[in-house]
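Enquirer: Please read through the structure below; I'll follow up with questions.
Every read-out reported here was derived from the displayed coordinates using simple, explicitly stated rules and does not represent laboratory data. Every value quoted in this text rests on a predicted model; they were computed, and no experiment measured them. Using ideal geometry, Cβ is built from the backbone for each residue, glycine included, and neighbour counts are taken over all protein chains shown.
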Amino acid sequence: MPELPEVETVARQLAPRVTGRQVRALRIVDPLLRRGSVPVVAGRKVEDVKRSGKRVLFELSPRRGRRDRLWLAVHLRMTGRLLWRGGEERRPRPRHRARFTMDGGELLFADTRRFGTFDWYRRREDAAPGGVEPLSDDFTVARLVDLLGASPQELKPWLLRQDRIVGLGNIYASEILHRARLSPFRPAGSLTRKEARRLRDATRRILERAIANCGTTFSDFQDARGVEGSYQQFLAVYDGAGEPCRRCRTPIVRNVQQQRSTFHCPACQQWP
DNA sequence: ACCCTCCTGTCA
DNA sequence: TGACAGGAGGGT
């Protein structure tokens, strides 16, 4: 469940449950998750939980009598999930890669495909991602035009890059381009200012609506405490090859760009 | 600027 | 059995 709206949803649901709690122990079950050394976490308090790009960022207090504040960025990748289990939970634990034991409950990191990562930072500025947050005030038309530059890269793969704009993934990139009526095959650098404005506005609108609906959930394999999105009912093109375009009824087409599916309407997303 | 790979599960 | 899956780092 890993694009910006889904990660935002996870962070929002998690924050009130774990903020203020003290971590008693961290057990990393899957050795793949411990690249390099893992800092001491026991005894620290969770002071903040928020989204940063596509990652969930935990701010952990210094240990008693020290000033070694710590940040943990959890990247969910394709299948990662953060599950809070209150102290009264009696059902068996689901399979997981890491477990934080806290006052009053435990936080599990479950991740079937095991692509997810933990990254530890000693300084807040190191924990921030590279690109601009698309929902921040920094994401202006001028900024977008500047980022697009003269890039020859096709627009859709360009949107997936995290070093310019953070948070977009395969679903929302297609949805955004459809809303903006831009071809996914256009060179990113070929947009006019007017088109860049459409792209900026569509990006914001789609992401905001997706967040308002707690993101997109495929299949139905969420645990009781897991996050369940409802934005899938608003998807205009993603996973809809052959379905009529909501604007013009032309059948949606699936293509592959950089080994990933792209969905678009060949009629209202033309590039002459 | 591309292809491959990491890993597991599901579906046709 | 092979294709595909919401991601991205590494190599060429």
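Enquirer: Note down the relative contact order for the stretch A:64-117 as a percent, whole number, built from C-alpha pairs under 8 angstrom at least six residues apart. Walk me through the intermediate numbers first.
Expert: Numbers: 78 pairs, mean separation 24.6, N = 54.
It comes to 46 percent, rounded to a whole number.
Enquirer: With only Lys, Arg, Asp and Glu charged, each at its Cβ (+1 for the first two, -1 for the last two), find how big the charge dipole of the stretch A:58-169 is about the Cα centre; round to the nearest 20 debye.
Expert: 760
Enquirer: Another question about this same structure. Straight-line reach from residue A:156: which lysines fall under 23 Å, measuring Cα to Cα and dropping same-chain residues less than 8 apart?
Expert: A:54, A:194
Enquirer: Still on this structure: In debye to the nearest 20, how big a dipole does chain A give about its Cα centre with +1 on each Lys and Arg Cβ and -1 on each Asp and Glu Cβ?
Expert: I would put it at about 500 debye.
Enquirer: Please list, in order along the stretch A:121-133, the HN-Hα scalar couplings obtained from phi with the Karplus expression 6.51 cos²θ - 1.76 cosθ + 1.60 (θ = phi - 60°), rounded to whole Hz, x for Gly and Pro.
Expert: Coupling constants for the stretch A:121-133: 9, 8, 10, 4, 5, 6, 7, 7, x, x, x, 7, 6 Hz.
Enquirer: Based on the alpha-carbon gyration tensor of the stretch A:151-202 and its eigenvalue square roots a ≥ b ≥ c, which shape applies: rounded if a/c is under 1.5, prolate if not and a/b is larger than b/c, or oblate?
Expert: Cα axes put the stretch A:151-202 in the rounded bin.
Enquirer: Of chain A, which part is the longest with no GluC sites (Glu not before Pro) in a loop (DSSP not H, G, I, E, B) and with at most 15 other C-beta atoms within 10 angstrom?
Expert: No qualifying site falls inside A:90-227, the longest such stretch.
Enquirer: Applying 1/(1 + (r/R0)^6) with R0 = 25 Å to the Cβ-Cβ distance of residue A:37 and residue A:101, what FRET efficiency is obtained, to the nearest 0.05?
Expert: Details: r = 20 Å, r/R0 = 0.80.
So the FRET efficiency works out to roughly 0.80.
Enquirer: Tell me whether the stretch A:51-91 comes out rounded, prolate or oblate; compute the Cα gyration tensor, take square roots of the eigenvalues as a ≥ b ≥ c, and use a/c under 1.5 as the rounded threshold.
Expert: oblate
Enquirer: Expressed as a whole number of Å, what is the distance separating the alpha-carbon centroids of the stretch A:147-200 and the stretch A:19-97?
Expert: 34
Enquirer: Oh, and also: For residue A:45, give me every one of the aspartates and glutamates with a C-alpha distance below 15 angstrom, ignoring sequence neighbours fewer than eight places off in its own chain.
Expert: A:59, A:68, A:103, A:106
Enquirer: Multiply the residue separation of residue A:208 and residue A:93 by 0.36 nm, subtract the distance between their alpha-carbon atoms, and state the gained length in nm to one decimal. Provide the component values of the computation, followed by the final result.
Expert: On the way: separation 115, 0.36 × 115 = 41.40 nm, distance 3.33 nm.
Here the segment from residue A:208 to residue A:93 would lengthen by 38.1 nm.
Enquirer: Moving on. What is chain A's relative contact order, in percent, from Cα pairs under 8 angstrom and six or more apart in sequence? Could you put the intermediate results ahead of the total?
Expert: Working: 549 pairs, mean separation 45.5, N = 272.
With pairs under 8 Å counted, the relative contact order is 17 percent.
Enquirer: Oh, and also: Which net charge results when you count Lys and Arg as +1 and Asp and Glu as -1 among the other residues whose beta-carbon is under 10 Å from that of residue A:215?
Expert: Net charge around residue A:215: -4.
Enquirer: Also: Would you please put A:29-38, A:158-167 in order of how densely packed they are, using the mean number of other Cβ atoms within 10 angstrom per residue and starting with the highest?
Expert: Listed from highest to lowest mean packing, they are A:158-167, A:29-38.
Enquirer: Another question, if that's okay. Along the charge dipole of the stretch A:3-76, pointing to its positive end and built from +1/-1 on Cβ of Lys, Arg, Asp and Glu, which listed residue (A:56, A:76, A:42) has its Cα farthest out?
Expert: Checked the options; the winner is A:42.
Enquirer: Which trypsin sites (Lys or Arg not before Pro) in the stretch A:64-118 pass both tests, a DSSP loop state and at most 12 other beta-carbon atoms within 10 Å?
Expert: A:64, A:66, A:67, A:90, A:95, A:113
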